[in-house]
Amino acid sequence: MNSVVKGASYVLVHAPDMLVKNGTTQTTERIVNPNSEYLKTLGKHLRSYDDAVAYLPNQVYIGNLDPVELRKHEQPWYGTKFEDAARYGRFGEIMPQAEFYFLIQACDEFELVRLEKGFVGEYKDAFFASPVVTDLIRNRIHDGVDAEQLEKILKEDGEGLYLGDRLVGAVKKAHDVDLALSSHVLLENLVSKASHVLSLLHLVDKAGISPAEVDYVIDCSEEACGDMNQRGGGNFAKASAEIAGFSNATGIDTRGFCASPVHALTIAASLVKAGTYKNVVVSAGGSTAKLGMNGKDHIKKDMPLVEDVIGGFAVWIGEDDGKNPIIDLDHVGRHTVGTGSSPQAVITSLVSDPLQKAGLKITDIDIYSPEMQNPDCTKPAGAGDVPVANLKMIAALGVKQGILERKDINDFVEKHGVPGFAPTQGHIPSGVPFIGYGREALLNGAVNRIMIVGKGSLFLGRLTNLFDGVSFMMLPNEGKVEETGKASGEELRKIVAESLRGFAKSLLSEDQDE
Amino acid sequence: MSILNGKTVIAIGDRDGIPGPAIQACAESAGANVIFSSTECFV
Amino acid sequence: MDLENQRRVKEFAEQLGPENVVVLIGASEGSASALAAETVTAGDPTYAGPLTGVSLGLQVYHVCEDAVKAEFDEAIYEDQVSMMEMVIDLDDIVEQMESIRSQFTKY
């Protein structure tokens, strides 16, 4: 039975103070250049929550504005406010930082996170009013502690949670020696877990999956949790599923830098197709480390720090219902050990090889969703418009193959791609941001074929110089639900009867030969 | 005079441009000794 | 430029002599190419890495520039890089690289 995409959720968390305190560009600067102009001017370039909500790419991400609409607005987009902007969209929400601190506390099982009493009093009602926060989560919120207690935690190698200059919470270290359980690592992991949980809550709310229905969760983020004896032991998936109330689920973490979500989706689709599980959720939270990653370039260009949101998403893969778009597992693209790193080899392996196998051409895909980074983040840093560059690479390969002419490249980009709208959160922009819109476009017949492409920079881990990538196609559901691998009782009787007849015939002919 | 032949080359590639190993292959074909190759990532 | 990469560039230039080292870059944009080129010639303009205030003046080219392209094996360049000429803005990259070289390259 085929695997289908039954729904998706997308969430953002506005985290300006985590950008300042926890983003690696900023933490590195505080080490190498503590008195720098950059650190002094940082605060002036932070956006308010309302500005982050009104930001066009963020509204696209949570489902309030179709990505093609971005073409109607001149880049850069940070100067334009979306008039119909809202906190909630049809795929998820943009959660304010203060409420997110409550979710972090709710995700803590070991009394490592403490919030200040006054802060809890001030913001608890807002957090509790969220339409997706469950009683299970509400019941986990503590009353809070005195400010002195937070200061004490910081003195003992803790990490602070801030609203501007105000210390409102703290994360303790969980071990005196073990760096894998330091407050820094724990904060990163708790942020990943909490934003993952938020994505799962919205999947329940938006896609209508019941928490008890979920059999398996695959976390495809880029953090590692464990202790010094098993630094990446895991498991974000099950830890997040627990807080989301998925009581019948287990799960696992997949890792592969930014390529991980697309790997995870092919694994999930295979598990469903094989009949191992009926409902698998592929999901991830985001990263504090990447907040403000290109901040220096943004400030140099006198623009706001647009990398101020943590991202998350969840995709529900289920059994063929004759309606939802199918993941084509017969023609997946993959970059292998032997592929090489040249851009043409990469695009050939991810795009043209699987298409050729399916008897299709580059132009037969209506929409490609490669890496969907928001160009407002990358262009000022000299990294260009990443989704456009990827579309251009696909078109350029088409030129090399004689399918397209060089003058058609820009048209191809316009026709077969959508503008990038996802925050530079590594795995978050990688192919998956378009699955929500893509699913709808396949359901309403606006498009016929979508290709989701994920790429990963494995070389950053210094274990290999290799690159990685995987891709798959999403296709419309023709409404014919096929049972594969399972024959019905009637079919089995037929098969046995036919083989017995064949056997009898062969015996008969052997007798005659003798 | 040759720029690369017999010279020591450092390749600084870009994940969304031309990656280090691709630069390395070209430089070596010109007779250079590539002593270090790396690929940067902005995303 | 990545801080670790800066450290390696500095080490190799000191060890082998800056006149013997050529840096080839593969950035996708003119501004990023210029930033990398400036870092290995005039010093790190972002004041973050080991090359801050260190003017190595190294020879530096983008891998798609004609001067170095002419020395590559044609088939290898075709296989490894050529497609990207259709993706990047090569004119802008060349212009920015030439500007950095004319100001800061010593060799």
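A cut-off of 5 Å between modelled amide H atoms, ignoring neighbours fewer than 5 places along the same chain, links A:Phe313 with A:Val11, A:Ala284.
Among A:Phe503, C:Phe72, the ranking by other beta carbons within 10 Å of each residue's beta carbon, starting with the fewest, stands as A:Phe503, C:Phe72. Take the Cβ atoms of C:Asp89 and A:Arg30, set R0 to 30 Å, and the FRET efficiency comes out at 0.25. Beta-bridge orientation, chain A: approximately 75 percent antiparallel, per DSSP, counting only bridges with both partners inside. Each stretch of four or more DSSP H residues adds -39500 (n - 2.57); spread over every residue of chain C, this sum gives -14500 deg cm²/dmol at 222 nm. The mean number of partner chain beta-carbon atoms within 10 angstrom of a residue's beta-carbon across peptide A:237-250 is 0. Coupling constants for the range C:50-55 follow from the phi torsions by the Karplus curve (6.51 cos²θ - 1.76 cosθ + 1.60, θ = phi - 60°), and in residue order they are x, 8, 4, x, 10, 9 Hz; glycine and proline get x. With contributions of -39500 (n - 2.57) from each DSSP H run of at least four residues, the per-residue ellipticity at 222 nm computed over chain A stands at -11000 deg cm²/dmol. Comparing Cα centroids, the range B:11-42 and the range A:321-377 end up 25 angstrom apart. Peptide C:32-45 has a mean shielding of 2, counted as Cβ atoms of other protein chains within 10 Å of each residue's Cβ. Cβ-to-Cβ counts within 10 Å put A:Thr424, A:Thr250 in ascending order as A:Thr250, A:Thr424, the fewest first. Between A:Lys44 and A:Arg493, the FRET efficiency estimated from the beta carbon spacing at R0 = 60 angstrom works out to 0.20. Among beta bridges identified by DSSP and lying wholly in the range A:176-330, the antiparallel ones come to about 45 percent. Peptide packing: for A:211-217, A:309-315, A:100-106, A:293-299, the average count of neighbouring Cβ atoms within 10 Å per residue gives the ranking A:309-315, A:100-106, A:293-299, A:211-217, highest mean first. Packing around the peptides A:426-436, C:48-58, A:176-186, taken as the average count of other Cβ atoms within 10 Å per residue, puts them in this order, highest first: A:426-436, C:48-58, A:176-186.
From least to most packed, judged by other beta carbons within 10 angstrom and beginning with the fewest, C:Glu65, A:Glu74, C:Glu19 follow the order A:Glu74, C:Glu19, C:Glu65. Using the Cβ-Cβ distance between A:Lys117 and A:Thr276 with R0 set to 51 Å, the FRET efficiency works out to roughly 0.60. The length gained on full extension between A:Arg71 and A:Asp366, counted as 0.36 nm times the residue separation minus their Cα-Cα distance, comes to 104.5 nm. Expressed per residue, the C-alpha convex hull volume of chain A stands at 187 Å³.
Only the coordinates and a few stated rules stand behind these numbers; no lab work does. Quick caveat, the model's predicted, so the values are computed rather than measured. Backbone-built Cβ (ideal geometry, glycine too); neighbour counts: all protein chains shown.
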